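Only one structure is covered here, and it is reproduced in the block below.
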Amino acid sequence: MNLDENIKKACQKYQNLCVSLSENGYILTGKIILNAEYNKIPLYDEYYLEIFIPYKFPNEMPYVKDIGGNIPKSINHFYDNGALCLGANCEIIDFITKNSSVTEFIDVFVINFLYIASYFDRYASFPYGERSHGVKGIEEAYLDRYNCQNRELLMKLLLYVSGIIQFRGHLLCPCESGKKFRACHGKKVLEDLKSDYSNCYKRDAYYILQNYFNEKKRKSR
């Protein structure tokens, strides 16, 4: 299915969305109705969003912005550019490369985010218990991705992912296994560095590292 058909199918399901074209992709703008239930708690709300789908989707990341101002800022799930933090970029990338459907991207990530926003607005807490929210949840996703046994090892790996330290595969792996980096934890790191999505992994790495070092500063005071 080509991207035109992909967009049409999404708009058939989410009929309040209008489509326009930009230099780099499709812009879907309009009302998304949340009508979902989790753990026997149904929620209904209306949100006005801008969903950007790049022409190179799924080889480039989509993003979503709240244009209605209904998502509480206190939820702390926003990037600096105003885009919603729908989850760890690595998990979104893994999903869209296996399920290159705009509709499924909205169904899974956008609707899930809106349910969290509505739940938080009502109950001042988060509905799901599987993973932490915000930067902590993103950190946990990368702990799994890079098969890290502890947080300190992850931070060492993210220094390479972020580009702060240049990848050197012949060096010993920081996990102290005695193996070369490229034959141990560096294998997945190098895969991400060479990926079309390397900038997304880099952004997450900076985000996690910044939070980690800010935490250390606060604790040292």
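The values are calculated or read from the model by the stated rules, or taken from the named source; none is laboratory data. The structure displayed is predicted, hence computed values, not measured ones. We place every Cβ from the backbone using ideal geometry, glycine too, and count neighbours over all the protein chains shown. Each accessible area value is taken on the protein alone, full model and side chains, heavy atoms only, with ligands, DNA and RNA left out. Shrake-Rupley method; radii C 1.70, N 1.55, O 1.52, S 1.80 Å.
Residues being assigned to a strand (DSSP E or B), surrounded by fewer than 18 Cβ atoms within 10 Å (Cβ to Cβ) and basic (K, R) are entirely absent from the range 137-157.
Is it the case that I165 is open to solvent by less than 100 Å² (accessible area, probe 1.4 Å), of a type in the set (V, I, T), touching a residue at least 40 places away in the same chain (Cβ under 8 Å) and more than 22 Å from N59 (Cβ to Cβ)? No, not satisfied. Going by the structure shown, is K65 among the basic types (K, R) and closer than 18 Å to I32 by Cα? Yes. When the residues of the range 51-95 are filtered to those that are in a loop (DSSP other than H, G, I, E, B) and charged (D, E, K, R), the one that is most open to solvent (accessible area, probe 1.4 Å) is D80. Screening D196 against (1) closer than 25 Å to A83 by Cβ; (2) of a type outside the set (A, V, I, L, M); (3) open to solvent by less than 70 Å² (accessible area, probe 1.4 Å); (4) not in a helix (DSSP H, G or I) leaves a single unmet condition, (3).
Please specify each residue of the range 21-47 satisfying the condition of being open to solvent by less than 80 Å² (accessible area, probe 1.4 Å) and either of a type in the set (K, R) or over 24 Å from the mean Cα position of the chain (by Cα) (or both). K31, I41 - these are the residues of the range 21-47 that are open to solvent by less than 80 Å² (accessible area, probe 1.4 Å) and either of a type in the set (K, R) or over 24 Å from the mean Cα position of the chain (by Cα) (or both).
Table: residues versus (1) farther than 17 Å from L17 by Cβ; (2) β-branched (V, I, T).
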site: Y55; (1), (2): yes, no
site: E60; (1), (2): yes, no
site: V64; (1), (2): no, yes
site: C85; (1), (2): yes, no
site: S100; (1), (2): yes, no
site: F109; (1), (2): no, no
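Note on the range 79-110: residues that are within 21 Å of K31 (Cβ to Cβ) and of a type in the set (A, V, I, L, M, F, W, C) amount to 9.
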